[in-house]
Amino acid sequence: MSAKPPSHLKSLWKGKEKAAESELLDFEDLNPTITYRTLFAQNLGVRDPLRVIALCDSDAFYAACEMVRLDIPDKPLVVLQWQMLIAVNYPARKFGITRMMNVQEAKKLCPELEIIHVATYKEGEKEPGYWDNPDTRTHKVSLDLYRRESVKMLQMYKDGLPENAEIEKASIDEAFMDLTRPVRQIILDRYPYLAQVPEDALLGLDTPLPPPPPVSWEFGVLVPIDPSVEEEPEVPSTWHDVALSIGAECMEKVRQQISAKLGYTTSAGIARNKFLAKLCASYRKPMNQSILRNAAIPNYLKPMAFQKIRFLGGKLGKSLAGEYDVSTVADLLAISLDEMQNKFGEESIWIYEVLRGIDYTEGTAMFWLIDFRRPIQFVVKEKQTVNKSMLASKNLPQPITKVSEGYQWLRVLAAELALRLNEARETTPNLWPKTIVLSARNVKGMYGSLSPNSDSLISCSIAQDSRRSKQAPWPFVKEVTVDIVAAAADRLWKELADPHAPMKIIGISLGFTGVEGVESGLKSIDTFFKNPLKPTSKRALEEDLTESESDATTQRTIRNISKDLARASFVCSRCGQRSSLPPSATRTEEERQTALAMIQMEHEDFHLALDLSKAPDNVPPATKTGTDPKPKKKRRKESPHGIAKFFSKV
Ligand code: TTP
Ligand code: CA
Ligand code: CA
């Protein structure tokens, strides 16, 4: 009697057999019937059979930004962060240079290599710069240039694509475009005979569309339907192919505009959904766009090592590989939905679907955004709106062990934060953060170590790690200067850092939260407080009143305003200046009190900033601290379950 096969072999055998069985059933929705009803439907959303999505990604992005900044023509160039390469342009790739190589290795491969270290913030500088020999102990990496260029690109997508295209930023150098609506419009314009259901159509609106005209594929590279044969099999074109080709035309145009105006080359993928658009964007990089027709999906996906699919690359992928002894997408097709959901939870339906080229995600699914530097969460986010927080953080190679050692980093972080907010205000002038937050990570008894390629911490004892935060309301200030941000940060630092307790701070971050355009009820920050640092005179208040008011009304109003003035003002104990709120009939008492507290804080910050600029070592003199938020109750950390556990931080 033969021995039982080991369990992994058994599942392999089971898997392969099932794969063959189910082959015909998979990918069954690739050629859905398109009727007049579907063509005329206004909003079919993610299940629209004519859906066209593009993902556009910049080629060697950071390297390209540096080439444009320095006006360097096409020669081998790499961008360095400390000792590691983080971006390699395509001419340098020809020499075999890759990301994650160290700079010495790269130089050996190409002695004439142009090497640019990313800009860094240096203490005392308001703006990041390109310094000789930046040092992780004294400098902080700045990605501001790349962020700025990224914003410009996004704007060009918006300007260059038809108005009803939906554009969604997916990372610093890529964006998704939902071209479904404009493409449908173009189809109706180009093929006006589709605008009417033919009179003899038996099924009325439910009549399938007539066969499409031959499709021209001049814009882009086609992923082949069967890569094993040289000549394309005869597969009739579909209206979805027409839609894809029109999408490709739109993308070609906007990519050319970006290249001509900004100097960045890009690569795009065009397909029926986000997953496939992203996947095929790198099919022929650089400077190409690839089109994945529905008919080409099965042969494109099946031989793919499934762990190459981004969100299946990590712990989940390993677990799948271990469980079923499988390596390609085709192998995984054997696993039934029931089985997958039993093992990995209800939500794993999206893995099941994605393996079959189905992806109904509308907003930014988090798995696209898995960022090598951030904790991974398993959430499908709704469409991104305004970025509500801004954060500048630094992992410290040399821990802060004394309160006084913190100030240099606070200034560096303040410089970055001030710059970020001011840049954001260029496009949204009334942007105002509600809160400023300082957070520090303390490690007892050991040092953290830095990841060689990024600013991220790769080893520290989590058990001994503690994070403390302090926050305060952010005052209404028109000009957000480094000094003001640093002064607020210093104040929080003094609340947070305990000079009597052992201190080994290995990470520090300063952020704005609740960053929003001030709109409701407030026209602009400028008009809300005319000049919060200057007292508002009674005369000025009188001048605010309209001339048409009768004398009696005027008198009464002035009396009320004077009362308000007394209630809504404060006198600074340091300079004796009275600061007040301007009159406003609409503001409630509570709003007044909050607003006054803001002015007061801002005034104190103003003094702090002055003190700071005078103090020789940048250590602010002791002053009263601002609000002291109540200590938050400790929340028990829930351990993730189901599929989420594969996406949580170790
Ligand atoms: P990518 O789009 O992944 O790469 P790339 O634009 O450099 O090259 P490709 O042409 O292959 O798309 O990343 C965009 C930028 O993000 C990249 O230029 C540098 C930065 N980055 C890092 O800093 N570290 C990393 O590990 C990765 C992957 C990217
Ligand atoms: Ca890129
Ligand atoms: Ca990218």
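The values are calculated or read from the model by the stated rules, or taken from the named source; none is laboratory data. Quantities reported herein were computed from a predicted structural model and do not represent experimental measurements. Every residue, glycine among them, receives a Cβ derived from its backbone with ideal geometry; neighbour counts consider all protein chains shown. For accessibility, only protein heavy atoms count, side chains too; no ligands or nucleic acids. Shrake-Rupley method; radii C 1.70, N 1.55, O 1.52, S 1.80 Å.
What does the accessible area of Leu391 come to, in Å² to the nearest 10, when a probe of 1.4 Å is used?
Only protein atoms counted, so the area is about 100 Å².
Between Leu337 and Asp226, how high is the FRET efficiency from 1/(1 + (r/R0)^6) when r is the Cβ-Cβ distance and R₀ = 35 Å? Nearest 0.05.
The pair Leu337/Asp226 has a calculated efficiency of 0.80.
Can you give the FRET efficiency to the nearest 0.05 for Thr98 and Leu203, using r as the Cβ-Cβ distance and R₀ = 56 Å?
Details: r = 57 Å, r/R0 = 1.01.
Computed FRET efficiency for Thr98 and Leu203: 0.50.
When the chain is fully extended, how far beyond the present Cα-Cα distance does Arg37 get from His500, taking 0.36 nm per residue of separation? Don't jump to the answer; show the numbers that get you there.
Details: separation 463, 0.36 × 463 = 166.68 nm, distance 7.33 nm.
Answer, rounded to one decimal: 159.4 nm.
State, to one decimal in nm, how far the label point of Ser389 lies from the label point of Arg148, with both points 7 Å from Cα in the Cβ direction.
2.6
Ranked from the most accessible area to the least, with a 1.4 Å probe and all protein chains present, what is the order of Ile97, Ile86? Provide the component values of the computation, followed by the final result.
Working: Ile97 5, Ile86 25 Å².
Correct descending sequence by accessible area is Ile86, Ile97.
Could you please put Thr98, Thr265, Thr427 in sequence from largest to smallest accessible area, using a 1.4 Å probe?
Numbers: Thr98 70, Thr265 45, Thr427 110 Å².
If we order Thr98, Thr265, Thr427 from most to least accessible, we get Thr427, Thr98, Thr265.
Count the lysine pairs in the range 50-153 that are 8 or more places apart or on different chains: how many have C-alpha atoms under 30 angstrom apart?
17
Stretched out fully, how many nm does the piece from Ile349 to Ile72 gain, at 0.36 nm a residue minus the Cα gap?
Values: separation 277, 0.36 × 277 = 99.72 nm, distance 4.79 nm.
Residue separation times 0.36 nm, minus the Cα-Cα distance, leaves 94.9 nm.
Calculate, in nm to one decimal, what Val46 and Asp189 gain on full extension: separation in residues at 0.36 nm each, minus their alpha carbon distance.
On the way: separation 143, 0.36 × 143 = 51.48 nm, distance 2.29 nm.
In short, 49.2 nm is gained.
If we sort 190-202, 170-182, 118-130 on the protection proxy, mean other Cβ atoms within 10 Å, highest first, what's the order? Don't jump to the answer; show the numbers that get you there.
On the way: 190-202: 11.2, 170-182: 21.3, 118-130: 17.9.
Top to bottom by mean Cβ count within 10 Å: 170-182, 118-130, 190-202.
To the nearest 10 Å², what's Lys343's accessible area with a 1.4 Å probe?
For Lys343, the solvent-accessible surface is approximately 90 Å².
Note down the accessible area of Glu252, probe 1.4 Å, to the nearest 10 Å².
40
Heavy atoms only, 1.4 Å probe, whole protein assembly: order Trp493, Trp82 by accessible area, highest first. Please report the intermediate quantities before stating the final value.
On the way: Trp493 0, Trp82 35 Å².
So the residues, ranked largest to smallest area, are Trp82, Trp493.
At R0 = 41 Å, how high is the FRET efficiency between Ser404 and Thr435 if r is their beta carbon distance? Nearest 0.05 is fine.
0.95
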